[in-house]
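All remarks here apply to the structure that follows.
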Amino acid sequence: MEQGNNTINDWPNNSMMMMTTTTTTTTTTTTMTTTTMTINANTRKKFYCPKCNNGYSRLSDMKTHCQFQCGLFASFRSASQRLRYLNRYYRSIVRYPCMNCTSVYNKRGSLMTHLRYECGQPPRFKCPYCDMISKKTSNVQQHIRRKHKGSVVYVQDTRLSTNFPYNPPTRHIV
């Protein structure tokens, strides 16, 4: 039986090992017959994970195993899951700071909304029941629900002198 090891050059750290093709011939002699059995080396596992020694008959299967089941991204079952994670991860790293104040945003659109409607602008929305004012309608709506329980939730716009009613989503009884 002959066996050899070769390194795979296309991996950056040359850590994946490949077993060369091996053919085993076994001869069994009994009183009646002589049987010769040859094991085809192509069905045997030739590629082994250096971390856990799992064997694979194809290099691509071993690479997939090493990358997603045994390696850095072991928690991901597929390349698409890993890609989704990386997109989310790098999106959270990118920050868009406001040049006029200390606010920082994850999305460019959020920064643009901040610059257009909030940064350097006086508070625009007012509680109809007290003197509380805010730059965001959601803050006033939340204030009314907490401080003025039982009151109708709506927001006054100090620029337009109009009221914005709050319409909660309706639930249908089935």
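Quick notes
- Residue count, the stretch 111-128 (criterion: surrounded by fewer than 14 Cβ atoms within 10 Å (Cβ to Cβ) and either of a type in the set (S, T, Y) or part of a loop (DSSP other than H, G, I, E, B) (or both)): 5
- Pick from the stretch 130-140, criterion in contact (Cβ under 8 Å) with a residue 12 or more places away in the chain and within 23 Å of L115 (Cβ to Cβ), ranking: farthest from the chain's Cα centre (by Cα): I133
- Sole exception among (1) touching a strand residue (DSSP E or B) at 6+ places or on another chain (Cβ under 9 Å); (2) at pLDDT below 70; (3) in a helix (DSSP H, G or I) for T27, by number: (3)
The values are calculated or read from the model by the stated rules, or taken from the named source; none is laboratory data. As the structure is a computational prediction, the values presented were derived from the model and not from experiment. Here Cβ is always computed from backbone atoms with ideal geometry, including for glycine, and neighbour counts include all displayed protein chains.
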